[in-house]
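Here's the structure, in structure tokens; my notes come after.
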Amino acid sequence: MSDARSTLPVAHDDADSLLRLVADSVPAMMAYYALDLKCRFANRRYAEANGFTVDTILGLTVRQVIGEEAWRHIEPHVMRVQAGQAVRYVREQVMPGGETGAIEVNLIPHFSDTGEQTGAFVLINEITRQWRAERALRESETRMRKFVQASNEGIVFHRDGLITDVNEALLRMGGYDMADMTGRSVLEFVPAEWRPTIIDRIRGQSEEPYEAEMLLKRGERLPVELAGKAMPYDGENHRMVIVRDITFRKQARERMEFLALHDALTQLPNRLYLDEYMERTLALARRQHNAVALFFIDLDDFKQINDTLGHQAGDEVLRETAQRLRAAVRESDLVARLGGDEFLVVLTNIESERDTERIANSVLAAMQPPVLLKRQLVTALPSIGIAMYPEHGDSMDALIRCADTAMYQAKQAGGNRHVFWSAA
């Protein structure tokens, strides 16, 4: 009895038919050329792509099959495969529909059992979709590179916090060279107190703009606005960060904030600033049982200066008064302008009424020298009313009323003096 596992012999004609069936069924173009470059076999896709049938293509040379123009491009590859080398290349060509596409060609040398080269296999796959995608990606990368380099804003690319690329604008902004930044952590280029914020933004993949600071190569800090964008690339998670220098924006904002809380003429704190300051100061004084003194200062005969020398001269007197008041009190004390020729001085950490009187005398002494205006010496002497916390009031409004009353008492007494408020 024969072995059931034995294989029945296949007739030669059946084997050829099976080979033809397989060759014509695969999506690739296949052919076999002898060493004389004449076609010995081609599947239907290969033959029809070149304008032949599987029968009429047989015996034709490569040059005859593909034509003169294509032969000029591939002749060097054919010479290499004739020399026994395996060859792979990609070539653009006009596809049957008339559009430009691409094919991937593999030329594989064939050797006999004795090691003698007898021909070469040709395997061709259309890769138009992949080729177009890769070309679009290259073009996109080129456009991105041009955009990044043309941008006036700093741009940095990083992967998991490690810098992979930066543009010229960022290098100029920070004073760095490319080698200074690539391959290093983004955290090395921000001050220590900003690093937790940067880490949170990277981990959270946040794309909302936020403000931080950048360390410059020369050691200074630059205020910047950062805006990160996720940039998936080649299976990895990259991020692109836009870096904007906001020095002027921050300066303008600080200037606006300053003007909102300060007098434009004298640069002293205004009433709004004073309200917030006094609320904090009195709250602290209550907790620590400290004294606070408030001076209400009005210039004697200031109206006469405006009337005789003009408002410009009056403004100069007010600016000079502000400078003298700041110089006469302690650094911890506050000098503010209420309006017109009225000023307030707030003294904290007062040990006794004698300390308050000593500072009041210092203010009077500072105001004695005349001011030179339009080649004329002008005297602007102060009348000072003083109210004490907690003896005279426990709120800013109460202290101002008491100090204002004491100031008028100083004026009625001849001016150029200080008077403590008294209920009597």
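General remarks:
- Residue selected from the stretch 280-299 under the condition out of contact with any Ser or Thr (no Cβ under 9 Å at 6 or more places or on another chain) and of a type outside the set (S, T, N, Q), by the criterion modelled with the highest pLDDT: Leu294
- Only a single criterion out of (1) within 13 Å of Leu381 (Cα to Cα); (2) charged (D, E, K, R); (3) assigned to a helix (DSSP H, G or I) is not satisfied by Glu316, namely (1).
- Among the residues of the stretch 73-86, those that are modelled with pLDDT of 90 or more and either under 17 Å from Phe41 (Cα atoms) or of a type outside the set (Asp, Glu) (or both) comprise Pro76, His77, Val78, Met79, Arg80, Val81, Gln82, Ala83, Gly84, Gln85, Ala86.
- Residue in the stretch 287-313 that is surrounded by the most Cβ atoms within 10 Å (Cβ to Cβ), counting only those that are touching a residue at least 12 places away in the same chain (Cβ under 8 Å) and in a helix (DSSP H, G or I): Ile305
- Taking the criterion of being touching a strand residue (DSSP E or B) at 6+ places or on another chain (Cβ under 9 Å) and among the acidic types (Asp, Glu), the residues of the stretch 277-308 that qualify are Asp298, Asp300.
- For the stretch 60-132, the strands (runs of 3 or more DSSP E) that sit wholly inside it and include 2 or more residues that are without any contact (Cβ under 8 Å) to a residue 60 or more places away in the chain, within 22 Å of Pro27 (Cβ to Cβ) and touching an Asp or Glu at 6+ places or on another chain (Cβ under 9 Å) are 87-94, 100-111.
- If you go through the stretch 12-38 and keep only what is under 60 Å from the mean Cα position of the chain (by Cα), part of a loop (DSSP other than H, G, I, E, B) and either among the aromatic types (Phe, Trp, Tyr) or surrounded by 15 or more Cβ atoms within 10 Å (Cβ to Cβ) (or both), you end up with just Ala28.
- Only one of Phe52, Phe41 that is closer than 12 Å to Ala120 by Cβ, surrounded by 14 or more Cβ atoms within 10 Å (Cβ to Cβ) and among the aromatic types (Phe, Trp, Tyr): Phe41
- Residue in the stretch 193-207 that is in a strand (DSSP E or B), in contact (Cβ under 8 Å) with a residue 40 or more places away in the chain and more than 30 Å from Met396 (Cβ to Cβ) present: no
- Qualifying residue in the stretch 248-269 (condition: assigned by TED's automatic domain parsing to the domain that holds Leu347, hydroxyl-bearing (Ser, Thr, Tyr), assigned to a helix (DSSP H, G or I) and closer than 30 Å to Val335 by Cα): no
- Some residue of the stretch 263-286 being among the small types (Gly, Ala, Ser), in contact with a helix residue (DSSP H, G or I) (Cβ under 9 Å, 6 or more places away or on another chain), over 27 Å from Phe420 (Cβ atoms) and surrounded by fewer than 19 Cβ atoms within 10 Å (Cβ to Cβ): no
- Conditions (1) touching a residue at least 60 places away in the same chain (Cβ under 8 Å); (2) more than 11 Å from Ile297 (Cβ to Cβ); (3) of a type outside the set (Val, Ile, Thr): number failed by Arg358: (1)
- Test: residue in the stretch 225-247 that is among the aliphatic types (A, V, I, L, M), part of a strand (DSSP E or B) and farther than 21 Å from Met173 by Cβ: yes
- The residue that is surrounded by the fewest Cβ atoms within 10 Å (Cβ to Cβ), among those in the stretch 372-385 that are part of a strand (DSSP E or B) and not polar (S, T, N, Q), is Leu377.
- Filter result (within 51 Å of the chain's Cα centre (by Cα) and under 23 Å from Ala285 (Cα atoms)) within the stretch 352-365: Ile359
- Subset of the stretch 294-343 [among the basic types (Lys, Arg) and farther than 15 Å from Asn416 by Cβ]: Lys303, Arg319, Arg326, Arg330, Arg337
- Residue tally, condition over 12 Å from Leu222 (Cβ atoms) and surrounded by fewer than 16 Cβ atoms within 10 Å (Cβ to Cβ), over the stretch 236-247: 2
- Any chance Gly393 is in a loop (DSSP other than H, G, I, E, B) and small (Gly, Ala, Ser): yes
- Top-ranked residue of the stretch 332-367 - restricted to ones that are among the aliphatic types (A, V, I, L, M) and not in a strand (DSSP E or B), ranked as surrounded by the fewest Cβ atoms within 10 Å (Cβ to Cβ): Ala365
- Criterion: surrounded by 21 or more Cβ atoms within 10 Å (Cβ to Cβ) and assigned by TED's automatic domain parsing to the domain that holds Met278 - qualifying residue of Met388, Met407: Met407
- Test for Glu116: is it at pLDDT 80 or above, of a type in the set (Asp, Glu) and within 30 Å of Gln130 (Cβ to Cβ): no
- The stretch 133-159, residues that are out of contact with any Asp or Glu (no Cβ under 9 Å at 6 or more places or on another chain) and at pLDDT 85 or above: none
The values are calculated or read from the model by the stated rules, or taken from the named source; none is laboratory data. Since we're looking at a predicted model, the values are computed, not measured. Heads up, the Cβs are rebuilt from the backbone with ideal geometry, glycines too, and the neighbour counts pull from every protein chain shown.
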